[in-house]
Amino acid sequence: MRRILIIGATSAIAEATAREFAARGDALCLVGRDAGRLAAIAQDLGVRGAVRTATATLDVTDFAAHAGVIDLAERELGGLDTLLVAHGTLTDQAEAEASVDTLRREFDINAISVMALLTPVANRFAKQGFGSIAVISSVAGDRGRMSNYVYGSAKAAVSAFLSGLRQRLQKSGVNVLTIKPGFVDTPMTKDFPKGALWAKPEDVAKGIVKAIDKGRSVVYLPWFWSLIMLVIRNVPEFVFKRVKL
Amino acid sequence: MSGTSWGRYPRPAQQHLLMLRDRAAPLPPFSGSALPHGNGRSYGDSCLNDGGTLLCTRGLDRFIAFDPASGVLRCEAGVLLADILDLAVGQGWFLPVTPGTKYVTVGGAIANDVHGKNHHVAGCFSEHVNGFELLRSDGSRRWCSKTENADWFAATVAGLGLTGVITWAELRLQRVRGPWLGCETHRFDNLDEFFALSAASERDYEYTVAWIDCAARGAALGRGHFIRANHAAASDGPRPGRRRLGVPLTPPLSLINGLSLRAFNTLYFHRQRGRVSHALSHYEPYFYPLDAIADWNRIYGPRGFLQYQCVLPPAQAQAGLEELLRRIAASGSGSFLAVLKVFGTRPSAGILSFPRPGATLALDFPNNGQATFALLDALDEVVAGAGGAVYPAKDARLAGERFRQYFPAWNTLEPYLDPRFSSGFWRRVTE
Ligand SMILES: Cc1cc2nc3c(=O)[nH]c(=O)nc-3n(C[C@H](O)[C@H](O)[C@H](O)COP(=O)(O)OP(=O)(O)OC[C@H]3O[C@@H](n4cnc5c(N)ncnc54)[C@H](O)[C@@H]3O)c2cc1C
Ligand SMILES: NC(=O)c1ccc[n+]([C@@H]2O[C@H](COP(=O)([O-])OP(=O)(O)OC[C@H]3O[C@@H](n4cnc5c(N)ncnc54)[C@H](OP(=O)(O)O)[C@@H]3O)[C@@H](O)[C@H]2O)c1
């Protein structure tokens, strides 16, 4: 049985992932902004088989509240061995180009808050000598593109942070997983026209659970994004800068 | 989320789709009219709202509580019957009533008051609904049950989504001993034999249904297979494969035509050598044979297809069915298989509930334009003449006059209609 803390638990991808965990009888602490929706998700996970659920509200930009939430999760679940960080906002690129306030707020949500949450949890897991850390970054972090480089660079910061953390925790028995989804049909992307490359949250969720169980380091979901991003990362800059992406 | 219906006809030109994800939240703002949309397994336009908004309920897919001792389940309205089976069968519970596909939502099952092969013993879906919450466009919420807001319950059951959005419901599941059913298949040569088999099976068999060869004419008219079944004791057997076949693309032409149809029906009729066969079947192939092929509705090509389901009162049932089958066979159209069942006498709870005592026949027609519509009008003549009715969940073309004849109490729904809700179907049959 895993004891799992999920930050951003109302996210569609996180909820689908939590259902996978619940069905096998794990214990979950759900953290998000909306107490009512968290309670509804907790009831659902209970019916699906979660041995224990707890909820806590948190706006991730309230940095002072982070430690309290982690303590609560550990207390409620009788320990902690898995962390899934899923919160995020799809930055309005045009707005972030026009406003430094927007730029900073988006970095707070998508990058700084993630690192701030990872720091104390990593230290705890290192101390206890086991644990799994899984964070939803994005393929958008693999290379900055004109259409969403503010979001992309925040995700890039997260991906780089995770690769360093992974090296550091390697010897402590703690696994660090970087999750890089492609296009997923969720409320975050509700205004996008959907095509063949789009995945369902349920499918991404299965991939996440499998990667956590196997102790993987980096996973692209669905897998074919690893090929797409291999190409995109390797286009020479002098060509890339002329392309509209 | 596609915003289409299962028959792929009619095709709405423009619909605005809004996803509901939080049962406690007010409805999102919309302009014009709106309609709840479950999983789009209705065939025609009763789940469509061309020119308006669809309130898509699949995001309301949370369980709320399940008591494995009593079988009482509370869940949100966008939960699929398939999800309930996944949860409950292993704990010894089953759906009290199920349509021929498990990919329908709880809200959709209530809003059409769906029926299954056990109608003669279990009645319609709503008989097993303890209550539900109804959310209206004015923001009001009501708990509706047979005792509380009973008039709203009767209006919303089979209310075609027009009275408001069902946000969550409480259902009573039925106890079973496992996922298996003991099935017995009898070949019959004519409708006399069918009615005799049906009458003889009603008391001792929970599920009865027949597949009928609707391409057969003359002496063969009304031949088919009658299948009766009961839940069986837990026993081991191979689980059916998990993989679903699929129809990945819509072929440019319908693959269903007169030739393929007759051949299929003849083969199907003769696939069973003896007159009676016994088998132990898993519930999936037994209840949901078509669910094994994802998107099977695409084989009818881009023009889509129409389903026709009618019920004929007992006294007129046999003569009416013969006339319907004659007209269908003469047209050379009609589906691979038509489904025939005798409904029981349990009263239906909804003002617009379709099931009523008598025999019900359901079949598909590829959309061949005018010829198909003319045939269906000709079938309506027979049904109306017999004092029967046609099922709105399957309909895409019924004339308003016919609908009002089939459902004479239709305008008692008026005071309960949400003033901001409408559907393609409702505009067609009432305006
Ligand atoms: C292969 C197949 C076999 C079938 N077999 C049977 C059968 O044996 N018996 C039978 O009775 N039917 C049968 N049907 C029809 C099907 O069961 C009904 O059309 C059912 O209502 C579809 O549910 P849905 O969730 O897809 O809803 P939709 O088709 O999307 O909507 C159906 C209606 O429900 C309303 N609605 C949906 N959700 C809500 C909500 N939350 N609140 C209020 N209104 C809502 C909609 O406005 C619409 O009027 C079959 C369909 C198929 C494709
Ligand atoms: N969808 C995609 O195509 C895609 C692709 C790649 C990566 N991702 C990443 O996947 C993760 C999950 O996203 P999703 O697609 O599942 O979208 P989603 O359903 O919109 O989830 C986003 C979540 O972030 C939460 N959140 C936003 N700001 C917050 C804040 N200040 N404090 C606390 N929580 C906050 C939201 O909470 P509320 O419910 O309270 O708003 C919501 O639960 C995100 O990190 C996203 O960047 C998504």
- request: Bin width 5 Å, alpha-carbon pairs only: give the P(r) of the range B:29-157 as whole percents, running from 0 to the bin holding the largest distance.
  value: 2, 10, 18, 23, 22, 14, 7, 3, 1, 0
query: Between the range B:149-213 and the range B:46-89, how many Å separate their Cα centres?
result: 19
Distant-in-sequence amide H partners of B:GLN307 (H built 1.01 Å from N, under 5 Å): B:PHE365
message: With n ≥ 4 as the cut-off for DSSP H runs, can you work out [θ] at 222 nm for the protein assembly as shown, using -39500 (n - 2.57) per run divided by the number of residues, rounded to the nearest 500?
response: -9500 deg cm²/dmol
- line: Once amide hydrogens are built 1.01 Å from N within the peptide plane, the residues lying 5 or more places from B:TRP168 or on another chain with amide H under 5 Å from its amide H are B:ALA77, B:GLU133
message: Using the basic label-point model (7 angstrom from Cα toward the beta carbon), what is the A:THR89 to B:ASP86 distance in nanometres?
response: 3.2
message: If R₀ is 30 angstrom, what is the calculated FRET efficiency for the pair B:ASP50 and A:PHE240, using the beta carbon separation as r and rounding to 0.05?
response: 0.10
- prompt: So, with a 1.4 angstrom probe, what is the percent of accessible area on chain B that is carbon and sulfur?
  reply: 55
message: Could you work out the percent of alpha carbon pairs in the range A:61-114 separated by over 19 Å, rounded to a whole number?
response: 42
query: Two-decimal Rg/Rh of chain B from alpha-carbon positions, Kirkwood Rh?
result: 0.94
task: Go from 0 up to the bin containing the longest alpha carbon distance in the range A:176-245, width 10 Å each, and give me the % of pairs per bin.
output: 18, 40, 32, 10, 0
- prompt: Once you wrap a convex hull around the alpha carbon atoms of the range B:1-63, what is its projected area averaged over all directions, in nm²?
  reply: 4.3
task: Provide a whole-number value for the mean count of partner chain Cβ atoms within 10 Å of the Cβ atoms in peptide B:101-114.
output: 0
message: Checking understanding here: applying a Kyte-Doolittle mean of at least -0.5 and a length along the axis of at least 15 Å (C-alpha), which whole DSSP H helices in chain A pass?
response: A:12-23, A:35-48, A:66-77, A:113-128, A:149-169, A:201-214
- prompt: Using 7 Å Cα-to-Cβ label points, what is the B:ALA378/B:SER70 separation (nm, one decimal)?
  reply: 5.4
field: Full-extension gain in nm, A:PHE192 to A:MET1, via 0.36 nm per residue minus C-alpha separation
entry: 65.0 nm
- line: Given Cβ charges of +1 for Lys and Arg and -1 for Asp and Glu, the option among A:ILE7, A:GLN93, A:TYR151 whose Cα lies farthest towards the positive end of the dipole of the range A:3-240 is A:ILE7
statement: Per the 1/(1 + (r/R0)^6) rule, R0 = 60 Å and r from the Cβ atoms of B:ARG327 and A:ILE228, FRET efficiency to 0.05 is 0.60
message: Starting from 0.36 nm per residue, how many nanometres of slack lie between B:ASN130 and B:ARG203 once their C-alpha separation is accounted for?
response: 23.7 nm
At R0 = 30 Å, FRET efficiency that the Cβ-Cβ distance of A:ALA116 and A:ASP213 yields, to 0.05: 0.65
field: Value in Å of the Kirkwood radius, where the range B:328-431 supplies the Cα pairs that are averaged
entry: 15.2
message: At 0.36 nm per residue, and after removing the present C-alpha to C-alpha distance, how many nm does the segment from B:SER145 to B:ARG177 gain when stretched out fully?
response: 8.6 nm
query: Can you give the accessible area buried between chains A and B, summed over both chains, with a 1.4 Å probe, in Å² to the nearest 100?
result: 1000
Under 16 Å from the Cα of A:LYS155 - lysines, other chains or at least 8 residues apart: A:LYS180
task: Just tell me which lysines come within less than 25 Å, Cα to Cα, of B:LYS117; anything on the same chain fewer than 8 places away is out.
output: B:LYS102, B:LYS146, B:LYS341, B:LYS394
- request: Any chance you could list the semi-axes, whole Å, largest first, of the equivalent ellipsoid that the Cα gyration tensor gives for the protein assembly as shown, using √(5λ)?
  value: 50, 27, 25
message: Give me the base-10 log of I(q)/I(0) for the range A:26-88 at each q in 0.12, 0.18, 0.26, 0.29 Å⁻¹, Debye formula, one uniform scatterer per Cα, rounded to two decimals.
response: -0.28, -0.64, -1.26, -1.41
field: Cα-only radius of gyration and Dmax that characterise the range A:3-240, units Å
entry: 17.2, 55
- request: Pop out the Kirkwood hydrodynamic radius of the range B:98-188 from its pairwise C-alpha distances, inverse of mean 1/r, in Å to one decimal.
  value: 14.5
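The values are calculated or read from the model by the stated rules, or taken from the named source; none is laboratory data. If you're wondering where the values come from, they're calculated on a predicted model, not measured in any experiment. Positions of Cβ are generated from backbone atoms using ideal geometry, with glycine treated the same way; all protein chains shown enter the neighbour counts. SASA here: full protein model, heavy atoms, side chains in, ligands and nucleic acids out. Shrake-Rupley method; radii C 1.70, N 1.55, O 1.52, S 1.80 Å.
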